[in-house]
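Heads up, the thing below is written out as structure tokens.
The values are calculated or read from the model by the stated rules, or taken from the named source; none is laboratory data. Keep in mind that this is a model prediction, so the values were computed, not measured. Here the Cβ positions follow ideal geometry from the backbone for every residue, glycine too, while neighbour counts run over all protein chains shown.
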Amino acid sequence: MRRSNTQSLGEVLKEYIDTMRIGRKLKESRIEEYWCEILGTNAARLTQKVYIKNGVLYAHLNSSVLRNDLMMMRETIVRRINEKAEQELVTKVVLR
């Protein structure tokens, strides 16, 4: 006998994430994946560490040439990461 109030696993997980308000943190945890997708494998290889703190994306780079190129693309990076995340995760990019 099947119950009438059954839900799919996806619906239950989405409801749990919304109830616990952890959706933003889950998307922040995928920031390295977004960084690699947006900048490509070469830039990802030259990146030591990428993380978000208080809406600011910090990226530690091994290459000064790459850092200089990305400095001019900061606004584009913010826009594209927020598009990938489907919400405003990043407000500013700091390259080190």
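Between Thr47, Thr19, the distinction of being over 16 Å from Gln87 (Cα atoms), polar (S, T, N, Q) and modelled with pLDDT of 85 or more belongs to Thr47 only.
Going by the conditions given, is Glu37 surrounded by 12 or more Cβ atoms within 10 Å (Cβ to Cβ), within 26 Å of Lys14 (Cβ to Cβ) and of a type outside the set (A, V, I, L, M, F, W, C)? So Glu37 passes the test. Checking each residue in segment 46-83 for being surrounded by fewer than 12 Cβ atoms within 10 Å (Cβ to Cβ) and either more than 29 Å from Ile17 (Cα to Cα) or touching a helix residue (DSSP H, G or I) at 6+ places or on another chain (Cβ under 6 Å) (or both) picks out Gln48, Asn62, Ser64, Val65, Asn68, Met71, Met72, Glu75.
Based on this model, can you work out whether Gly55 counts as in contact with a Ser or Thr (Cβ under 6 Å, 6 or more places away or on another chain) and modelled with pLDDT under 95? Yes; evaluated as a whole, the condition is true for this residue.
The condition of being over 17 Å from Arg79 (Cβ atoms) and among the aromatic types (Phe, Trp, Tyr) holds for only one of Tyr58, Tyr34, that being Tyr58. For segment 1-30, the candidate set comprises residues that are in a loop (DSSP other than H, G, I, E, B) and charged (D, E, K, R); within that set, the residue that is nearest to Val50 (Cα to Cα) is Arg30.
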